[in-house]
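The values are calculated or read from the model by the stated rules, or taken from the named source; none is laboratory data. These numbers come from a predicted model, not from an experiment. No Cβ is skipped: glycine too gets one built from the backbone with ideal geometry, and neighbour counts run over all protein chains shown. We work out accessible area using only protein heavy atoms, side chains counted, and drop any ligands, DNA or RNA first. Shrake-Rupley method; radii C 1.70, N 1.55, O 1.52, S 1.80 Å.
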Amino acid sequence: MSTTTYSVSRFEVRRDTLLWGLLLVNTELLLVFAYQLLSPNTITGLTPVVVPFVWINLGLWVVVRTDVPAASQRRRTTGVAVAAAYFGVLAYFGGLWGLGDPAIPASARFELFSLPPGWAPALLVHTPYLRLSVLTYQLVGYLALAYLVYATVLDAAGSAVTGVVGLLSCVSCSWPILAGVVTGLVGGSTAVAAAVYDQSYLLSTVVFAVTVGLLYWRPGFR
């Protein structure tokens, strides 16, 4: 594993990050109030508000704060391939995509006001061969995890192959891959708005936060 030394400043709250974070939260609150005023649907409870914004805010924060190590073109290519495969697995188990059902008529919808902010905008597509149920918070969260995996592969010592083997052999680094799959399994249904209130979404949010923490800190690579 890499013996690179990382400073404590990696975990310090930067002033510019705090300012942008406050602006983001204020914007999200305004979107929620606008949804309450303009949408025929009513938000009841904190879950449909807290869950998507935790995913989005944490995902954006960790991408901004993650420094991608310098690496060879071969290592970067491997990192992209691993991250893409990782994202594909998460997206599948998270319900973002799957196999279509020929018995169901083809359809395509772009939902903007029928779901609360963070859940929407949402893209719902069904064909005989492919199904897409893309919610904003899941898309942002899974892309953030994939970016962290990319940085983790580049952070591993040795050749590109060693980087992949190191990622999979380090318990603290491979567990997030399994945890990410669990996140999709316990919180992946996206087609029914009523599922917003299911407690599994709170559990999936906790798993997502722990996964982000481990991939960002990467204790096995320190």
Checklist entry - Would the stretch 105-120 turn up any residue that is assigned to a helix (DSSP H, G or I), in contact with a helix residue (DSSP H, G or I) (Cβ under 6 Å, 6 or more places away or on another chain) and open to solvent by less than 60 Å² (accessible area, probe 1.4 Å)? => result no
Checklist entry - Of all residues in the stretch 66-77 being part of a loop (DSSP other than H, G, I, E, B) and open to solvent by less than 90 Å² (accessible area, probe 1.4 Å), which is nearest to A144 (Cα to Cα)? => result T66
Item to check | Residue list for the stretch 1-30, filter: surrounded by 11 or more Cβ atoms within 10 Å (Cβ to Cβ), at pLDDT below 60 and over 22 Å from the mean Cα position of the chain (by Cα) | outcome: M1, S2, Y6
Next on the checklist: Among the listed residues V63, V89, V80, V54, identify the single one that is within 20 Å of the chain's Cα centre (by Cα), at pLDDT below 90 and open to solvent by 40 Å² or more (accessible area, probe 1.4 Å).
Outcome noted: V89
Next on the checklist: Please determine whether any residue of the stretch 158-165 is open to solvent by 40 Å² or more (accessible area, probe 1.4 Å), closer than 30 Å to G100 by Cα, at pLDDT below 60 and assigned to a helix (DSSP H, G or I).
Outcome noted: no
